[in-house]
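Some notes on the structure that comes next.
FYI, it's all coordinate maths here, none of it is from the lab. Model, not experiment: these values are computed from the prediction. A quick note on method: Cβ atoms are made from the backbone with ideal geometry, for glycine too, and the neighbour counts reach across all protein chains shown.
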Amino acid sequence: MDCFADDREAFKEYEKYFKSTYLSDVTLIVGGKKFPAHRLILARGSDVFERMLSHKWDGNKKVCIQYAISYVLKEASLKDIFNVWFNYSSTACHSILIRECVKIIAANMTKIITSEEWGDDWMALDRDQLTEILKSNDLIIPNEYVLYQAIQKWINAPASPERKGSTLTATLIQILPWIRFPYMKAEELSELEGTPLAQTHVKLFMPFTHTAFKYISLPLSLRTTR
């Protein structure tokens, strides 16, 4: 006897409402586009939306960016900041909110690029989001080579074929200037130059690796950082 049959039928009944605009009770505006949604689904899927849609919020008021920075981001989980707020701010081009999200992400980069639980989230970043993170001077990472290895994994993500071929060339042109090659050890640079990615794009990598080798060969007193 299937004791869960009634539950499954009930979920199917609910599903037809969740996947349509019928009985939608909230509208999300992202980049000028309107997306009808359901409060229950949003609140169930994210603690951030649960707080936003609680009785303390007036549904007729727009979400204030400053409020998000001052209050919501401070209480939100790292996953919500990475997957909800960073995505929203990137899509809506809210530079201030992007900057605040990157600050929090930068402080937690070691966890993000080294733990398995963050693998899918890291791979899902788009090129511009990755660039914004790499631009940060506050990244907390074990070392620059570990970050480079994480970037390689991002490039090789099987679910992202757009990171291959000519599109990959454009991606490398955008992100390579933001990798601190001079902060790598000589043996790490040598290993990097031998990777398939660097071998396939020698002309793109060579200026950065050669500059890095020159930098680490200088006495400490003559080195400068950017």
Examine the range 207-222 for a residue that is within 22 Å of I112 (Cα to Cα) and of a type in the set (D, E, K, R), and state whether such a residue exists. no
Residue by residue through the range 168-203, note down the ones that are among the aliphatic types (A, V, I, L, M) and either surrounded by fewer than 13 Cβ atoms within 10 Å (Cβ to Cβ) or more than 24 Å from the chain's Cα centre (by Cα) (or both). A170, I173, A186, L189, V202
Can you tell me which residue is nearest to P196 (Cα to Cα) among those in the range 130-145 that are of a type outside the set (S, T, Y) and surrounded by fewer than 16 Cβ atoms within 10 Å (Cβ to Cβ)? N143
